[in-house]
Every structure is written in structure tokens, then in C-alpha cells.
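Colleague: First the structure, which I've put down as C-alpha cells, then a few questions once you've had a look.
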Amino acid sequence: SEYAVWLLERSMKTLALRVRAHNNNAKIIAEWLTENPLVSQVFYPGLKSHPNHSIAKKQMNGYTGMLSFELEKPINGKTFLNSLRLIKPSMSLAGVESTILAPSKASHALLGEEERKKQGISEGLLRLSVGIEDSDDLILDLKQAFTKSN
């Protein structure tokens, strides 16, 4: 329909700006999470500590707006997710808004605990799709959620 074409054309005009914002915000948040003592591991190809960083650096012009991180044991994952205000818990990821999910409760929920462990999917693993909101606001939201769930 003409309306669908108009929506697509309108979205294409801002695509580069949105992707740049996703990439920049995700890198800032990934770096911030690596410094957080309540996070045991951050999975993001833009970090030099990522095992495939050199490949990503050659292949990518940005490192994506998607990242995963592992909560330390004292953090209650459910409380953490429920404490977020700006970042919305979701069953699917990607969009202009930041969303987060626990793979053990969403994408990998049908697998048994042993199979999830084999695949590296722990109860404390969270996947974050970083949106285009202000990165300082996103970090403040993460900080308050860590405080409430510790």
C-alpha cells in the first residue's frame, strides 16, 4: 500500500542516525558494565576483551546495539529486571527503545537447565538491546536497578 511505502521511506531517512545511536550507546554501556562489580562478564564485540574483537573490528563499522551480560550471584535477576524503568523487559529485542530479556526465561526457556548450562545460558545472563535513548539515562536506570536488586 502507499501508506506502507511512505512509512518505509520515512524510516529509511533516519536509519543511519538510529544505527549510529544504537552502536554508540551500546559501546558506552558495555564499557560501563565491565567496570561494575555486580557484573561478572560482558559479551560485546566492541570490547577489546571479547574473543572475536579483532574479527569484528575488521568486519564492522560499528559493533551493534546488542550486548549480553552476566549478573553476579548476589543480584536477583527477576528483581533487577522488574526494577528497570526506562529499559523495558521484553520477550523480543530490537527497536528504537532499549529492551532486555533473560534468555533462560525467554528464548531458551523450553530447554532443560543442563542443556542451557551446556550452551552457556545461565540464570544470570541478560540480553540487552540498546536503544537510542540518552546513554546517561540508560546508565542511571541500570544503576538504580542494581541498587534495588542487591
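The values are calculated or read from the model by the stated rules, or taken from the named source; none is laboratory data. Just so it is clear, the structure is predicted and the values come from calculations on it, not from any experiment. To get the accessible areas, we keep the full protein, side chains included, count just its heavy atoms, and leave off ligands, DNA and RNA. Shrake-Rupley method; radii C 1.70, N 1.55, O 1.52, S 1.80 Å.
Colleague: Angle, helix 2-34 long axis vs. longest principal axis of the chain, Cα atoms, 0 to 90°, nearest 10?
Modeller: Helix 2-34 and the main axis of the chain meet at about 30 degrees.
Colleague: Just to confirm the number: angle between the C-alpha axis of helix 135-149 and the first principal axis of the chain, 0 to 90 degrees, nearest 10?
Modeller: 20
Colleague: Separate question: Going through the cross-link list Lys13/Lys143; Lys73/Lys105; Lys48/Lys73; Lys57/Lys105; Lys13/Lys105, which pairs have a Cα-Cα distance over 29 Å in this structure? List each step's numbers first, then the result.
Modeller: Working: Lys13/Lys143 34 Å; Lys73/Lys105 17 Å; Lys48/Lys73 25 Å; Lys57/Lys105 32 Å; Lys13/Lys105 36 Å.
Table pairs above 29 Å Cα-Cα are Lys13/Lys143; Lys57/Lys105; Lys13/Lys105.
Colleague: If you don't mind, another one. Using a 1.4 angstrom probe on heavy atoms only, work out the carbon and sulfur share of the accessible area of segment 73-131 in %.
Modeller: Answer for segment 73-131 is 55 percent, counting heavy atoms of protein chains only.
Colleague: Separate question: With every protein chain left in place, what is the accessible area per residue of the chain in square angstrom, probe 1.4 Å? Show your work: numbers first, answer last.
Modeller: Details: 9200 Å² over 150 residues.
Solvent-accessible surface per residue comes out at 61 Å².
Colleague: Moving on to the next point. Keeping the other protein chains in place, figure out the carbon and sulfur percent of the accessible area of segment 1-47, with a 1.4 Å probe.
Modeller: Carbon and sulfur atoms account for 61 percent of the accessible area of segment 1-47.
Colleague: Debye calculation, C-alpha points only, no solvent: report log10 I(q)/I(0) for segment 88-138 at q = 0.18, 0.28, 0.29 Å⁻¹, in the same order as the q values.
Modeller: Once normalised to I(0) and log-transformed, intensities are -0.59, -0.98, -1.03.
Colleague: Across every pair of different alpha-carbon atoms, what Kirkwood hydrodynamic radius in Å does the chain reach?
Modeller: Every distinct Cα pair counted, the radius reaches 16.3 Å.
Colleague: On a full-extension model of 0.36 nm per residue, what is the gain between Thr14 and Asn52, subtracting their alpha-carbon distance, rounded to one decimal in nm? Before the final figure, lay out the partial values.
Modeller: Numbers: separation 38, 0.36 × 38 = 13.68 nm, distance 2.96 nm.
Gain on stretching Thr14 to Asn52: 10.7 nm.
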